[in-house]
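Visitor: Just dropping this structure here.
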Amino acid sequence: MHVSVALFTADLRLHDQPPLRAASDGSGHVVPLFVRDRAVDGAGFAAPNRLAFLADCLHDLDAGLRSRGGHLVLRSGDVVEEVCRVAAESDADEVHMASDVSAYARAREARLRRALEGGGRRLHVHDTVTTVVPPGEVTPASSDHFAVFTPYFRHWCDLRPRDVLAAPRTVRVPDGVGSEPLPDRSALTDLSPALARGGEAEGRRRLAAWLRGPVARYEDRHDDLAGDATSRLSPHLHFGTLSPVEVVHRARKAGGPGAESFVRQIAWRDFHRQVLAARPAASATDYRTRHDRWRSGRDAREDAAAWKAGRTGYPLVDAAMRQLLHEGWMHNRARLLTASFLTKTLYVDWRVGARHFLDLLVDGDVANNQMNWQWAAGTGTDSRPNRVLNPLAQARRYDPDGTYVRRWVPELKEVSGRAVHEPWKLPGAERSALDYPDPVVDLAEGLARFRRARGRE
Ligand code: FAD
């Protein structure tokens with residue numbers, strides 16, 4: 001009997017799943033394995049919101065495998081030791097897994113390859129599982145990666161993604177390979193109250209609903225904060241309950257300007273992945289240094305605490321930060337604004353903000369989070385690194401009637417008209433009746449401080 005192990009990582013699905021497909025095609029039996037990796041937990045990535053989503057994904061994956069005659073094997077510990085242990089227990093001679101981009105994922109792959117080969121086993125690593133176009137597949141003539149999105153996107157569009165693979169009809173797991181019990185979402189504490197549900201079935205339901213209608217208006221409405229008119233598929237793409245290749249094929253089939261603009265965002269995801277793959281240190285250090293000497297004293301810490309709590313006194317910033325606390329998710333326009341506010345208006349290190357986002361975001365993802373933070377801070381790939389987003393101008397444009405602010409900042413619910421964005425302008429008695437803070441910083445002072453720091457004055 002020929003046995004293979006299919007190691008699931010950021011690809012927790014049965015549809016369009018090249019490692020599982022290859023493991024089951026080439027052999028009679030397959031061990032579908034997920035390792036709860038001690039090192040990932042130890043590095044501070046075990047945020048409760050993501051653990052809850054992960055628990056949903058593992059239950060759903062197990063259910064999908066059971067309906068095909070198999071089941072999921074869950075182990076926890078050192079990923080390399082556990083894979084080798086399961087391979088030995090099941091007498092498997094090969095392991096299939098997806099490639100990934102972070103420095104950690106690449107070191108894991110190299111370690112696993114060495115350990116398996118040392119035991120006479122093979123590791124097969126599959127591209128186009130976690131990205132549409134693998135990092136390094138398209139490069140400019142003079143570099144190992146694209147640092148500018150537009151030319152990257154042109155090349156990205158020229159490549160035809162591989163065909164979508166069907167889910168296996170049956171999965172035969174060899175007897176005698178034990179599994180730990182699957183984690184229980186209800187045992188977790190400190191979850192965002194309105195956290196999304198995980199799992200492949202939920203991801204596929206959301207994708208189908210999105211492509212049936214709302215995607216058509218994506219191009220016009222994606223920046224409308226109150227309209228909430230984006231796909232909210234990011235956690236499913238992060239955990240791989242949806243395949244980015246399948247998402248692109250199906251969106252293109254849906255067609256129209258909305259779908260095209262949605263596909264462009266999926267290309268942004270690949271773009272950041274190819275940057276991080278080429279510059280793994282960019283997860284923690286400036287991609288392009290601007291020689292910042294970020295504020296770090298007590299005042300800066302207090303400002304950062306107000307930002308995290310959604311009490312900066314700028315209603316749009318506070319609404320966004322409270323959405324993050326409540327849902328474990330934030331709208332992209334709001335992420336851009338809050339990141340610009342922390343790094344530029346308050347001049348606090350982007351790593352402080354990136355860490356806070358990773359502690360809460362259900363889609364928290366090293367490549368997307370760190371590279372977008374660097375973009376917003378002007379240390380990344382943005383070609384206009386010193387632009388500063390003004391929260392009042394952003395409010396006028398993306399929340400003109402204040403619906404988003406009233407939704408998330410109950411203290412301002414009764415404030416009518418545009419004053420909801422500038423409560424400090426309300427007449428004395430009305431202002432003092434509100435339990436809402438004064439602005440932590442004057443916008444003009446914040447801007448001047450940033451320009452001085454960047455040598456722009
Ligand atoms: P949609 O607008 O429906 O877009 C579809 C998909 O395209 C998203 O699900 C996502 O996978 C991808 N995408 C969209 N915008 C971007 C982008 N700017 N960069 C890369 N991919 C994109 N995204 C994450 O998935 N994880 C993160 O940790 C993360 N952190 C961010 C931090 C900051 C400071 C900023 C500015 C952006 C961050 N993003 C992150 C990117 C983006 O905000 C989210 O992907 C998006 O808001 C998710 O909502 P959606 O699924 O409705 O997106």
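Visitor: To the nearest 0.05, what FRET efficiency results for ASP438 and GLU117 with a Förster distance of 51 Å applied to their C-beta separation?
Guide: 0.20
Visitor: Which values of log₁₀ I(q)/I(0), to two decimal places, follow from the Debye formula for the range 1-151 at q = 0.17, 0.18 Å⁻¹ with a uniform point scatterer at every Cα?
Guide: -1.02, -1.13
Visitor: Using only the alpha-carbon atoms of the range 265-371, report the extent along each of the three principal axes, biggest first, to the nearest angstrom.
Guide: Cα extents, longest axis first: 39, 32, 19 Å.
Visitor: Here's a follow-up. Cβ neighbours within 10 Å, averaged per peptide: list 315-324, 270-279, 62-71 in order, most packed at the top.
Guide: 315-324, 270-279, 62-71
Visitor: I'd like the per residue volume of the convex hull spanned by the Cα atoms of the range 198-252, given in cubic angstrom.
Guide: Enclosed volume per residue, from the Cα hull, is 80 Å³.
Visitor: Using each residue's phi in the range 155-166, evaluate 6.51 cos²θ - 1.76 cosθ + 1.60 at θ = phi - 60° and report the 3J(HN,Hα) Karplus result to the nearest Hz, with x for Gly and Pro.
Guide: In residue order, the calculated couplings are 5, 4, 5, 6, 8, 8, x, 4, 5, 7, 8, 6 Hz.
Visitor: Calculate the spin-label point distance for ALA43 paired with ARG452, positioning each point 7 Å from the Cα along the beta-carbon direction, and give it in nanometres.
Guide: Going from the ARG452 label point to the ALA43 one covers 3.8 nm.
Visitor: For a protection proxy built on the mean count of beta-carbon atoms within 10 angstrom, sort 45-57, 4-16, 391-403 highest first, please.
Guide: 4-16, 45-57, 391-403
Visitor: Taking the highest mean first, how do the peptides 158-170, 83-95 order by number of other beta carbon atoms within 10 angstrom per residue?
Guide: With the highest mean Cβ count within 10 Å placed first, the list reads 83-95, 158-170.
Visitor: Percent of Cα-Cα pairs per 10 Å bin, from 0 to the last occupied bin, for the range 331-411, please list those.
Guide: Percent of Cα pairs in each bin: 18, 47, 31, 4.
Visitor: Also, quick follow-up: What Kirkwood Rh does the chain have if only Cα atoms enter the pairwise 1/r average? Answer in Å.
Guide: 23.4 Å
Visitor: Any chance you could list the semi-axes, whole Å, largest first, of the equivalent ellipsoid that the Cα gyration tensor gives for the range 88-227, using √(5λ)?
Guide: Each semi-axis is √(5λ); the values are 33, 27, 17 Å.
Visitor: Below 8 Å, C-alpha to C-alpha, sequence gap of six or more: please give me the relative contact order for the range 298-453 in percent.
Guide: Reported as a whole number, the value is 28 percent.
Visitor: Which cross-chain or sequence-distant (5 or more) residues have an amide H under 5 Å from the amide H of VAL5, H modelled 1.01 Å from N in plane?
Guide: It is VAL31, GLU94, VAL95, HIS96, by chain and number.
Visitor: With every protein chain kept in place and ligands, DNA and RNA left out, what is the accessible area per residue of the chain? Probe 1.4 Å, answer in Å².
Guide: 42 Å²
Visitor: Can you give the translational diffusion coefficient of the range 209-330 in µm²/s, computed by Stokes-Einstein from the Kirkwood radius over Cα pairs at 25 °C and 0.890 mPa s?
Guide: 142 µm²/s
Visitor: When you take every Cα atom in the range 353-457, what is the radius of gyration, and what is Dmax, the widest Cα pair distance, in Å?
Guide: Answer for the range 353-457, Rg first and Dmax second: 16.8, 48 Å.
Visitor: Measure off, as a whole percent, the carbon and sulfur share of the 1.4 Å-probe accessible area of the chain, all protein chains present.
Guide: Answer for the chain: carbon and sulfur cover 49 percent of the accessible area.
Visitor: A further question follows. Tell me, in nm to one decimal, what length is gained between ASP144 and ARG295 on full extension, where the rule is 0.36 nm per residue of separation less the Cα-Cα distance?
Guide: Taking 0.36 nm per residue and subtracting the Cα distance, the gain is 51.0 nm.
The values are calculated or read from the model by the stated rules, or taken from the named source; none is laboratory data. A quick note: this is a predicted structure, and the numbers were derived from the prediction, not measured. Cβ coordinates were reconstructed from backbone atoms using ideal geometry, including for glycine residues, and neighbour counts include every protein chain displayed. When the accessible area is computed, the model is the full protein with side chains, heavy atoms only, and any ligands, DNA or RNA have been set aside. Shrake-Rupley method; radii C 1.70, N 1.55, O 1.52, S 1.80 Å.
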